[in-house]
Amino acid sequence: MLLAYALSSGITSGALYALVAVGLVLCYRTTGHINFSHGELFMIGGFLAFTLHVMWGLPYIVALLGAVAGSFVLGVLTDRVVYQPLIKAPPIAMVMATVGLSFVLKGIGRHFWGGQGEVVPFPPLVSPAPVLIGGVAVFPQQLVVVASVVVCMLLLTLFFTRTRAGKMMQATAENAHAAYLVGIRVERVYMLTWGVGAALAGVAAVFVAPLTLLTPDIGLSLLLKAFAATILGGLGSMTGAVIGGLLVGILEALAGTYIASSIQDVSAFIIILAVLVFRPTGLLGARARREV
Amino acid sequence: MLTVRNLSVWYGLSEVLRDVSFSVPRGEVVALLGGNGAGKTTLLKTLSGLVKPRGGAVEFDERPIAGLHPHDIVTKGVIQVPQGRFVWPSMSVADNLALGAAARHDKAGIAADLERVYDFFPRLRERRGVPAGTLSGGEQQMVAIGRALMARPRILLMDEPSHGLSPRLVQEMIEVIRRLNEEGMTIFLIEQNIGVPAAVAGTTYVLANGAIAFQTHGSKVADDPEVLSSYLGGGRH
Ligand SMILES: Nc1ncnc2c1ncn2[C@@H]1O[C@H](COP(=O)(O)OP(=O)(O)O)[C@@H](O)[C@H]1O
Ligand SMILES: [Mg+2]
């Protein structure tokens, strides 16, 4: 019973970590850079939904769309303000710039929403009463979250395999030089990539909001979890990020349940260290490179 | 059709191309020979807009194209087949070819051109669903050329098409270039391998140390002692 509870909550948070990690990996594989403000994009997305839904009383779906659109725009701004100007600079400049951006976004979060998420919680999406599935108590909220994450992943897969824009993004990720030579407007692909990556963080935030307290400082812990997921899955693989995200969620829930709840929050860190020491290529290893 | 005048290109503090001038008339195969590090790839990158020149002019159909965005150069019909093929490895052959038309919007024309590419390279039709990265080197070169054809080239720039191919495949590549030219394609070809220009090129330039050392005819490159000596001297340093 305890195990089933740990697993179902682990899978739920794991699915959300997967979504955040996929956004991070999407940008990494296309542009070659890790966005250290990805967690803050998540945070702002969550608070945008909070503003629309909790403060202004708009329907949840409007909050979802608003947060997605808002974080997409933030992603595009990241491209314009940070990525494009530094595209030829040494990689460390980009690291510093996105770290800097994370502080700016956190400051914005504190200014507009400091303390509010704790005072006025985000209401649950669906009835909070658990339902029994095969003798296991599952919260409908968890089912909604997992189903939505699955839908997002399917949409993303369709985007990459069926649409022209998705194929252009894939091509740019695999070889930007060749993409330029067929006339793909690579700069626009980068802009779209930052936008979509941020939007994925925004979607995740809208689903996380009813599950935990939103705070302006939530970004870093989300970034660490997404990191752990991507490193576990083999940096650069989106499939790996999904598997890694689920594993991080499950391991964290198990550690919190069976070892000590204080372990839960640092388990992402422990996973990062363990993978880097014992299996630096991630669980999927070299295979990871060829996948969408 | 393509005229390059006094082109100079720098990477930071080093001058890679110095005062390079040549021209490619419509319908011809013009070659440029040069050793490793002579600046051949840099020249093609400059023609395609990936590198901005510091001085000089590039004209295509009497209109300047130097310094334009690669997309705008592609839409004018100046299409490059890059060195090392650069196919998108996880994507299918069909997707690689389809993206060759990334800058076009004429759906019917694109579909017709895809059929023409498959007729030109029947092997690619057989393998169209396969990830391009799993093909042999020779097949990948066909994908790279087919992809360039999908962009509707008016001139094809080829960077070392024989690179890394076996002697038999080099012969096939020579045949491909000949067939393309017979169908009216203008080709500017860059090579280290004398065999290719010797077989297909008209005017042939020799690039050494970033400058055009001299000019000859494809049919003469094989027995011109000056060719070898100038590009043996044209190494990296
Ligand atoms: N991106 C770059 N930055 C600085 N130097 C470069 C760059 N690319 C090439 N070079 C240098 O420019 C010279 C010409 O290179 P390249 O055009 O690739 O020669 P080739 O294609 O003839 O072998 C070489 O000395 C090479 O080291
Ligand atoms: Mg070269």
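Each value in this text was obtained by applying a stated rule to the coordinates, not by laboratory testing. All figures in this text were calculated on a predicted structure; none of them were measured in a lab. Please note: Cβ atoms are built from the backbone with ideal geometry, for glycine as well, and neighbour counts cover all protein chains shown.
By how many degrees, 0 to 90 and rounded to 10, does the Cα axis of helix A:140-162 deviate from the longest principal axis of chain A? With rounding to tens, the tilt is 20 degrees. Only helices enter the 222 nm calculation for chain A: every DSSP H run of n ≥ 4 contributes -39,500 (n - 2.57), and dividing by all residues gives -24000 deg cm²/dmol, rounded to 500. Calculated [222 nm] ellipticity per residue, helices only, for chain B: -10500 deg cm²/dmol; basis is -39500 (n - 2.57) per DSSP H run with n ≥ 4, divided by all residues, nearest 500.
I want the antiparallel fraction of DSSP beta bridges within the protein assembly as shown, as a percent rounded to 5. Looking only at bridges with both residues in the protein assembly as shown, the antiparallel portion is about 55 percent.
Each listed q (0.07, 0.12, 0.15, 0.16 Å⁻¹) maps to a log10 I(q)/I(0) for chain A, found by the Debye formula over equal Cα scatterers with no solvent: -0.25, -0.75, -1.18, -1.33. Cα centroid separation, the stretch B:1-36 to the stretch A:212-237: 49 Å.
Projected onto its three principal axes, the C-alpha set of the stretch A:21-126 covers 45, 24, 20 Å, listed from the longest axis down.
With the convex hull drawn around the C-alpha atoms of the stretch A:21-70, the volume per residue stands at 69 Å³. Counting only DSSP beta bridges with both residues in chain B, the antiparallel share comes to about 55 percent. Connecting C-alpha atoms closer than 10 Å in a GNM of chain B, tell me which of B:Asp224, B:Asp19, B:Asp106 has the biggest fluctuation. Sorting by GNM fluctuation, first place goes to B:Asp106. Counting Cβ atoms of other protein chains within 10 Å of each Cβ in B:91-97 and taking the mean gives 3. Peptide B:64-73 is shielded by partner chain Cβ atoms: per residue, an average of 3 of them sit within 10 Å of its Cβ. Peptide B:80-90 has a mean shielding of 5, counted as Cβ atoms of other protein chains within 10 Å of each residue's Cβ.
A Förster radius of 45 Å, combined with the Cβ-Cβ distance separating B:Leu13 from B:Lys107, puts the computed FRET efficiency at roughly 0.40. Couplings for the stretch B:26-36, taken from phi via the Karplus curve 6.51 cos²θ - 1.76 cosθ + 1.60 with θ = phi - 60°, read 4, x, 9, 9, 10, 10, 9, 9, x, x, 4 Hz in order; Gly and Pro are left as x.
Using a Gaussian network model on chain B with a 10 Å cutoff between Cα atoms, which of B:Thr204, B:Thr41, B:Thr134 fluctuates the most? So, out of B:Thr204, B:Thr41, B:Thr134, the one fluctuating most is B:Thr134. Counting charges near B:Leu189 (Lys, Arg +1; Asp, Glu -1) among other residues having Cβ under 13 Å from its Cβ returns a value of -2. The angle separating the long axis of helix A:218-233 from the principal Cα axis of greatest extent in chain A is about 70 degrees. Divide the volume of the convex hull around the Cα atoms of chain B by the residue count and you get 118 Å³ per residue. If you wrap the Cα atoms of the stretch A:137-270 in a convex hull and average its projected area over all directions, you get 9.6 nm². Remark: the stretch A:177-194, residue by residue, has Karplus-estimated 3J(HN,Hα) of 4, 5, 5, 4, 6, 9, x, 5, 7, 4, 4, 5, 4, 4, 4, 4, 4, 4 Hz, where x stands for each Gly or Pro and the curve is 6.51 cos²θ - 1.76 cosθ + 1.60 at θ = phi - 60°.
Between A:Gly197, A:Gly282, A:Gly135, the GNM of chain A built on Cα springs shorter than 10 angstrom shows A:Gly135 fluctuating the most. Short-range pairs are left out: with C-alpha atoms under 8 Å and at least six residues apart, the relative contact order of the stretch A:225-268 is 30 percent.
Values of log10 I(q)/I(0) for the stretch A:1-49 across q = 0.26 Å⁻¹ run -0.93, by the Debye formula with one identical scatterer at each alpha carbon and no solvent. The C-alpha atoms of chain A define a longest principal axis, and helix A:164-174 lies at about 80 degrees to it. Compactness check for the stretch B:84-152: Cα Rg over 2.2 N^0.38 Å is 0.98. Derived from the Cα gyration tensor, the three semi-axes of the equivalent ellipsoid of the protein assembly as shown are 53, 23, 21 Å, largest first.
The protection proxy used here, the mean number of other Cβ atoms lying within 10 Å of each residue, ranks peptides A:69-78, A:136-145, B:91-100 as follows, highest first: B:91-100, A:69-78, A:136-145.
Using only alpha-carbon positions in the stretch A:78-192, the gyration tensor eigenvalues give semi-axes of 37, 26, 10 Å once each is multiplied by 5 and square-rooted (largest first).
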